[in-house]
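So the structure is just underneath, and the comments pick up after that.
What follows draws every value from the coordinates through simple rules; no lab data is involved. Because the structure is predicted, anything quoted here is derived from the model rather than measured. FYI the Cβ positions are ideal-geometry reconstructions off the backbone, even for glycines, and counts take in every protein chain you see.
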Amino acid sequence: MFVWPVPENYLALYGKDYFSGAKNRLGYADYEGDKKKLCGTFKNYLQRIEAILPQKGKLFDVGAATGYFLELAKENGWQASGIEISQYAASVGRKNGLNIVTGNFETCDIRENQFEAVVFWDVLEHFARPDLAVRQARKILKPGGILVINTPDSRSVLAKILRRRWHAIVPPNHLCIFSLKNLTQLLSKNNFEIIKTARVGKKFSLRTIFKVLANWQKISVLRNISNYFLRSRIGNLSAYLNLRDNVFLVARKK
């Protein structure tokens with residue numbers, strides 16, 4: 001599933017508002033406030049990576065945002081760096097001492113064969129050219145290195161049931177959504193071997209859950225509840241969700 005034509009100015013979406021407020025109804029209600037809710041999810045990701053790469057090494061986070069995953073990876077002994085398309089988010093990460101460059105991953109100049117792991121957390125669906133992103137990931141990985149992806153699955157049960165009303169269909173935020181089958185084909189075409197797939201849930205704040213519901217259903221009462229949670233401390237409360245419409249995938253460079 002893909003957006004065509006790709007809007008020329010789609011990268012302008014990723015300003016400060018995308019990470020705080022989401023006034024245009026895309027992005028995060030409060031990324032900095034919500035990121036700690038993802039701590040358990042990111043630790044789960046790291047454990048899965050380290051089960052394959054117990055010696056750790058160099059890790060590169062594509063779409064690093066303000067760098068919360070990079071912080072956890074560094075604390076866990078990885079040499080962690082990343083790239084982020086948003087100047088605002090990358091600058092926040094750099095102020096916190098993290099190695100995050102601002103730029104377009106598909107076309108950036110990065111030395112080849114240097115990373116043990118490259119991660120795409122909820123970012124593959126944002127690329128206008130995901131094929132180039134996968135090719136770039138292969139180029140910078142060492143032989144035997146792994147590419148780890150979490151992304152919506154267009155052939156999940158929920159996606160089949162909801163069809164065009166599926167909450168992951170949010171252009172121009174999401175530009176390309178793969179099924180597990182054609183994502184596997186893309187990776188195989190680029191000389192990756194699939195070594196693991198899973199369905200991993202996440203913990204979300206109430207403000208984020210109701211913002212997504214309001215944008216998805218476009219019902220005024222949900223919009224009012226969403227606005228209330230944005231202003232209220234109750235919005236900080238969180239819940240674990242696993243709708244099984246995202247795929248977690250590990251692929252090894254041949």
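Observations
- Seen from Leu237, the other residues with C-beta closer than 11 Å to its C-beta sum to a net charge of +4, counting Lys and Arg as +1 and Asp and Glu as -1.
- Across segment 102-108, rounded Karplus estimates of 3J(HN,Hα) from the backbone phi angles (6.51 cos²θ - 1.76 cosθ + 1.60, θ = phi - 60°) give 9, x, 9, 4, 4, 10, 6 Hz, Gly and Pro being marked x.
- q = 0.09 Å⁻¹, segment 59-192: log10 I(q)/I(0) [Debye, one scatterer per Cα]: -0.28
- Residues in segment 64-83 that a label on Asn104 would reach, taking backbone N under 20 Å of a point 7 Å out along Cα→Cβ: 64-65, 82-83
- Built amide H within the under 5 Å cut-off of Gly145, gap 5+: Lys253
- Loop-located GluC sites (Glu not before Pro) in segment 80-176 (DSSP state other than H, G, I, E, B) with a sparse environment of at most 15 neighbouring Cβ atoms within 10 Å: Glu112.
- Extent of the chain along its three principal axes (Cα atoms, max minus min coordinate, largest first): 53, 39, 36 Å.
- Along segment 171-184 the Karplus relation, 6.51 cos²θ - 1.76 cosθ + 1.60 evaluated at θ = phi - 60°, assigns HN-Hα couplings of x, x, 5, 9, 9, 9, 10, 8, 8, 4, 5, 7, 5, 4 Hz to successive residues, with x for each Gly and Pro.
- Cα pair distances exceeding 16 angstrom across segment 116-161, given as percent: 46 percent
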